[in-house]
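The values are calculated or read from the model by the stated rules, or taken from the named source; none is laboratory data. Computed from a predicted model, the values in this text were never measured in an experiment. Glycine also receives a Cβ, built like all others from the backbone with ideal geometry; neighbour counts cover every protein chain displayed. Calculation scope for accessible area: heavy atoms of the full protein, side chains included, ligands and nucleic acids excluded. Shrake-Rupley method; radii C 1.70, N 1.55, O 1.52, S 1.80 Å.
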Amino acid sequence: MTTVAFIGLGAMGYRMAAHLPKHYESVLVWNRNFEKAKQHATEYQTQAVSLQEAAQADIIFSCLPTSQQVNEIIHQVDIKSGSIWVDCTSGVPDAAKAQQAFLKSKGVYFLDAPVSGQTIGAENATLTFMVGGEKAAFEAALPAMQAMGKLIKHVGDSGSGFAVKAVNNMLLAVHLCAAAEGFTALKAHGVDLNEALECINASSGKSGVTENVLPQRVLNRSFPNTFALPLLNKDTGIAVDLIHQAKLSAPVITLTQSLIGAANAIAEPNSDFSTAVKMYESWSKITLE
Ligand code: NDP
């Protein structure tokens with residue numbers, strides 16, 4: 001019998017772990033605020049256990065804010081030889097390489113397996129997993145990832161999954177900044193933003209931002225708090241580090257990181273990522289609605 005554990009029941013992890021009991025008899029959950037683990041156990045027939053017990057599972061998922069918290073936990077617990085640690089955090093590629101090497105010395109596999117699809121994708125088990133690490137470990141953990149995702153891809157060696165995720169989220173940030181600027185200009189020229197959005201979403205300038213973020217979060221002024229701006233700021237920082245490490249020049253990416261950093265610095269703590277448009281609104285005194 002395969003035992004699966006999930007460490008980190010935040011906005012993503014709580015919903016992701018909810019699917020595992022449909023496929024596995026024994027699902028262990030741990031969260032720093034342990035009340036959440038107990039609530040998860042009651043709601044989804046998982047078992048709330050200690051961190052050490054969770055680390056004894058055959059497949060251990062983690063989904064924490066950054067690689068730093070994952071690193072602290074990996075170095076704090078005993079993990080049994082032969083198990084697979086699947087880190088769904090949007091983490092740092094170099095940290096994945098170090099964690100893989102550390103765990104390999106204990107006979108444990110490590111996969112960097114960040115996800116995209118936001119909380120709604122976690123809820124509907126339609127996430128995309130972009131996975132780096134050993135192919136054999138990927139194949140062994142695939143059924144567990146399939147319980148929570150739709151598109152699951154092995155993208156390369158250790159660190160590759162985190163790299164793909166960082167570039168994906170950088171593109172989200174680029175599109176968000178560009179859309180905020182473009183729609184501010186349209187409003188300044190008296191254009192109806194909802195009609196403009198329909199035209200653009202049937203045209204070549206559309207993106208995930210124009211199709212989802214603007215209509216569902218910005219123009220209706222709801223800014224639901226599902227993916228925190230500090231987390232997007234962290235992801236764009238990882239993307240910029242990748243550029244620097246490869247000694248590349250990437251002016252759009254570098255500028256976007258500065259813009260997201262500035263928006264994050266003036267935002268309310270833990271605001272949704274979409275509130276980055278409010279920085280533009282404060283500059284132009286034009287509200288995107
Ligand atoms: P949340 O802030 O909602 O949850 C963070 C989780 O990490 C909580 O369970 C929290 O525990 C735990 N945690 C924080 N610090 C520590 C620590 N020092 N030790 C142990 N546990 C800790 O984050 P999300 O679920 O939104 O994001 C998690 C990861 O997934 C991030 O890397 C993010 O970038 C990525 N992601 C997020 C998406 C989203 O739409 N939200 C989409 C795709 C990826 P506690 O409850 O005790 O605070």
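For every residue, the table says whether it meets (1) crowded, with 18+ Cβ neighbours inside 10 Å; (2) more than 20 Å from N270 (Cβ to Cβ); (3) within 12 Å of the ligand (Cβ to nearest atom).
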position: Y44; (1), (2), (3): no, yes, no
position: Q56; (1), (2), (3): no, yes, no
position: F61; (1), (2), (3): yes, yes, yes
position: K80; (1), (2), (3): no, yes, no
position: W85; (1), (2), (3): yes, yes, no
position: A101; (1), (2), (3): no, yes, no
position: E134; (1), (2), (3): no, yes, no
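For I73, indicate whether it is away from the ligand (no atom under 13 Å from the Cβ) and out of contact with any His (no Cβ under 8 Å at 6 or more places or on another chain).
no
Could you list all residues from the stretch 21-36 that are closer than 22 Å to F227 by Cβ and either hydrophobic (A, V, I, L, M, F, W, C) or surrounded by 16 or more Cβ atoms within 10 Å (Cβ to Cβ) (or both)?
V29, N31, K36
Quick one: which helices (runs of 4 or more DSSP H) lie wholly within the stretch 124-205 and hold at least 1 residues that are aromatic (F, W, Y) and without any contact (Cβ under 8 Å) to a residue 40 or more places away in the chain?
Helices (runs of 4 or more DSSP H) meeting the threshold: 135-146.
Go through the stretch 23-32 and give me each residue that's within 9 Å of the ligand (Cβ to nearest atom) and among the hydroxyl-bearing types (S, T, Y).
The answer is none; no residue qualifies.
Take the stretch 33-42 and flag every residue that is free of Cβ contacts under 8 Å to residues at least 24 places away in the same chain and either near the ligand (Cβ under 10 Å from one of its atoms) or touching a helix residue (DSSP H, G or I) at 6+ places or on another chain (Cβ under 9 Å) (or both).
N33, F34, E35, Q39
Starting from the stretch 254-271, keep only residues that are touching a residue at least 24 places away in the same chain (Cβ under 8 Å) and under 14 Å from E181 (Cβ atoms), then list their pairs with residues that are away from the ligand (no atom under 16 Å from the Cβ) and part of a loop (DSSP other than H, G, I, E, B) whose Cβ atoms are within a distance under 9 Å, requiring at least 6 positions of separation or different chains.
From the stretch 254-271, no pairs qualify.
Only one of (1) among the β-branched types (V, I, T); (2) part of a helix (DSSP H, G or I); (3) within 16 Å of A141 (Cβ to Cβ) fails for I73. Which number is that?
Condition not satisfied by I73: (3).
What single numbered condition from (1) of a type in the set (G, A, S); (2) open to solvent by less than 10 Å² (accessible area, probe 1.4 Å); (3) within 11 Å of the ligand (Cβ to nearest atom) fails to hold for S90?
Of everything listed in (1) of a type in the set (G, A, S); (2) open to solvent by less than 10 Å² (accessible area, probe 1.4 Å); (3) within 11 Å of the ligand (Cβ to nearest atom), S90 misses just condition (2).
May I ask you to list the residues in the stretch 112-132 that are open to solvent by less than 30 Å² (accessible area, probe 1.4 Å) and on the phi > 0 side of the Ramachandran plot?
Passing the criteria: only A125.
Being more than 15 Å from the ligand (Cβ to nearest atom) and surrounded by fewer than 16 Cβ atoms within 10 Å (Cβ to Cβ) narrows it down to one residue among K206, K150; which is it?
K206
Mind listing whichever residues of the stretch 1-19 are within 16 Å of Q146 (Cα to Cα) and within 16 Å of the ligand (Cβ to nearest atom)?
The answer is A5, F6, M12, G13, R15, M16, A17, A18, H19.
Out of the helices (runs of 4 or more DSSP H) lying entirely within the stretch 211-289, which hold 2 or more residues that are charged (D, E, K, R) and out of contact with any His (no Cβ under 9 Å at 6 or more places or on another chain)?
Result: 229-245, 277-284.
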